[in-house]
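The values are calculated or read from the model by the stated rules, or taken from the named source; none is laboratory data. Worth saying up front: this structure is predicted, and the values here are computed from it rather than measured. Note: ideal-geometry Cβ built from the backbone for every residue, glycine included; neighbour counts use all protein chains shown. What goes into the accessible areas is simple: the full protein's heavy atoms, side chains included, and nothing from ligands, DNA or RNA. Shrake-Rupley method; radii C 1.70, N 1.55, O 1.52, S 1.80 Å.
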Amino acid sequence: QVQLVESGGGLVQAGGSLRLSCAASGLIFSLNDMAWYRQAPGKQRELVAVVTVRGRTNYADSVKERFTISRDDAKNTVYLQMNNLKPEDTAVYYCNAKLGISSKWGQGTQVTVSS
């Protein structure tokens with residue numbers, strides 16, 4: 001059974017930093033493209049960042065230069081380093097593992113940025 005467990009969310013002041021982690025089990029981690037999505041209240045879920053199996057990264061324009069996604073295949077873990085956080089970054093952040101047509105989600109972790 002695939003499990004994606006996010007951690008590292010919390011409450012932070014604007015300008016602060018957080019590091020999210022997503023620990024995966026029940027899948028061949030190194031074969032999956034890994035991504036972070038977020039969903040703010042009343043809004044659709046949106047892609048924040050993705051790291052492919054080859055290590056290529058891509059970011060939403062709103063987080064470029066502030067967020068960094070990385071993966072550690074030895075630990076089956078993907079990270080999202082978030083710097084210079086803004087109130088508009090407030091959302092539930094979800095981890096996603098994608099392999100072909102298979103797409104698995106974690107339960108999400110809340111990030112709240114106060115102004």
*Under 26 Å Cα-Cα from K75, which lysines qualify once same-chain neighbours fewer than 8 residues away are excluded?*
K64, K98, K104
_Could you report the stretch 7-115's accessible area per residue, 1.4 Å probe, as an integer in Å²?_
55
*Quick one: compute the contact order of the chain, relative version, from alpha carbon pairs under 8 angstrom and 6+ residues apart, as a percent.*
35
_Using +1 at the C-beta of Lys and Arg and -1 at the C-beta of Asp and Glu, which of V48, G100, L18 has the Cα lying farthest in the positive direction of the dipole of the chain?_
G100
*Along the stretch 99-115, what does the Karplus equation 6.51 cos²θ - 1.76 cosθ + 1.60 (θ = phi - 60°) give for ³J(HN,Hα), rounded to whole Hz, x for Gly and Pro?*
9, x, 8, 7, 9, 10, 10, x, 7, x, 9, 7, 10, 10, 10, 8, 8
_With a cut-off of 8 Å between alpha carbons and a minimum separation of six or more residues, what is the relative contact order of the stretch 66-115 in percent?_
31
*Tabulate in residue order the Karplus-calculated ³J(HN,Hα) for the stretch 8-25, using 6.51 cos²θ - 1.76 cosθ + 1.60 with θ = phi - 60°, rounded to whole Hz; enter x for Gly and Pro.*
x, x, x, 9, 9, 7, 3, x, x, 10, 9, 10, 8, 10, 9, 9, 10, 8
*Just how large is the dipole of the stretch 3-115 about the Cα centre, in debye to the nearest 20, putting +1 at every Lys and Arg Cβ and -1 at every Asp and Glu Cβ?*
120
*Accessible carbon and sulfur surface of the stretch 13-111 relative to its total accessible area, %, 1.4 Å*: 47
